Amino acid sequence: MTSHTITAAASGTWTLGDLPVNRIGFGAMRLPQTGAALSADAVARDRGQAIDVLRRAVDLGVNHIDTAAFYFSPLRSANELINRALAPYPDDLVITTKVGPGRDPSGEWLPHATPGLLRGQVEENLRQLGRDHLDVVNLRIVGKDSIAERFGALAELRDAGLIRHLGVSNITPQQLAEARTIAPVVCVQNPYGIGLRPEQDEFVRACGEQGIAFVPFYAIAGARGEAGAGTAADGDEVTAVARTHGASAAQVRLAWTLHRGPHVLAIPGTGDPEHLLANVAAGALRLSEDELALLEGAHRNGA
């Protein structure tokens with residue numbers, strides 16, 4: 001599909017708390033490196049190219065950027081690249097970050113932060129981004145245990161003015177319910193896409209009913225991305241819909257997630273200018289009821 005005149009506004013808008021964003025955003029995880037994301041042996045991406053992609057994204061109307069202090073490669077930090085490319089930040093730009101996981105300077109993963117360490121992670125994001133507050137902070141979770149202490153620690157930082165809004169990542173419906181007893185939650189960020197976790201369908205709908213944004217990751221990669229295996233293998237259904245629209249399979253996968261509800265946001269990431277154009281253009285792709293039914297079958301079958 002033609003992409004050169006399409007901006008992120010074509011995807012529609014949603015409000016994170018009191019912060020309006022276009023539904024096609026940008027994920028910064030792959031920005032610092034090429035090859036395997038977040039691996040200790042990742043190859044640093046060209047700095048100038050990364051900065052150009054960020055600036056081009058904003059030029060195309062992207063006003064929601066997802067990042068984290070632990071997004072870095074041997075020479076590049078996503079937060080530092082964002083700061084260098086975009087500061088002083090546009091008034092309408094919403095930067096979402098996440099805390100919980102950590103990596104040492106060599107890139108090795110550390111145990112998830114305890115409640116007492118979360119403030120340091122928040123302050124590190126503030127320092128790297130050059131901000132006096134963070135727009136949205138997601139608490140990234142591993143496991144199904146109670147999140148009350150950790151989410152409560154972030155709620156205190158919100159009350160102190162360091163954080164404007166809170167979200168949660170990689171969580172269950174029960175953990176979301178627990179978090180909402182402590183402080184308002186504006187977004188849920190979980191793995192989801194065609195063929196990826198169809199059991200999450202009801203959770204996606206429930207978030208919309210509660211006015212909470214659902215922000216899928218691995219939407220393009222599908223189950224292969226979740227398994228660390230890269231880009232999704234595209235079945236006949238995805239390929240057929242893509243051919244009808246003159247679009248790529250990745251664009252169809254992004255469009256499908258946006259069709260799951262007005263509260264579903266997309267944060268595809270890339271360091272490639274052409275991929276950026278295609279990702280933004282996917283926000284204008286409208287799928288017919290027949291096409292959605294076809295893709296629903298693929299989703300159910302794990303395609």
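Every read-out reported here was derived from the displayed coordinates using simple, explicitly stated rules and does not represent laboratory data. Keep in mind the model is a prediction, meaning the values are calculated, not measured. Quick reminder, even Gly has a Cβ in these numbers, built from the backbone with ideal geometry, and neighbours come from all protein chains shown.
Rounded to the nearest 0.05, the FRET efficiency derived from the C-beta distance between ILE51 and GLU123 at R0 = 22 Å is 0.35. Out of all DSSP beta bridges in the chain, what portion is antiparallel? Express it as a percent rounded to 5. The answer is about 30 percent antiparallel. Residues SER73, SER146, arranged from fewest to most other Cβ atoms within 10 angstrom of their Cβ, appear as SER146, SER73. When each of HIS112, HIS133 is scored by the number of other beta-carbon atoms lying within 10 Å, the sequence from fewest to most is HIS133, HIS112.
Net length available on complete extension from GLU289 to ARG84 is 69.5 nm, with 0.36 nm assigned per residue and the Cα-Cα distance removed. Could you tell me how far the Cα centroid of region 121-157 sits from the Cα centroid of region 162-223, in Å? Centre-to-centre distance over Cα atoms comes out at 16 Å. Computed extension length for THR7-ARG300: 102.4 nm, one decimal, from 0.36 nm per residue of separation with the Cα-Cα distance subtracted.
What shape does region 30-166 take by its C-alpha gyration tensor, where a ≥ b ≥ c are the square roots of the eigenvalues and a/c under 1.5 counts as rounded, a/b above b/c as prolate, and the rest as oblate? Judged from the Cα gyration tensor, region 30-166 comes out oblate (a/c at least 1.5, b/c at or above a/b).
Under a Gaussian network description of the chain, with springs only between Cα atoms under 10 Å, the residue in GLY283, GLY61, GLY261 that fluctuates furthest is GLY261.
The value for the chain of Rg(Cα) / (2.2 N^0.38 Å) is 0.94.
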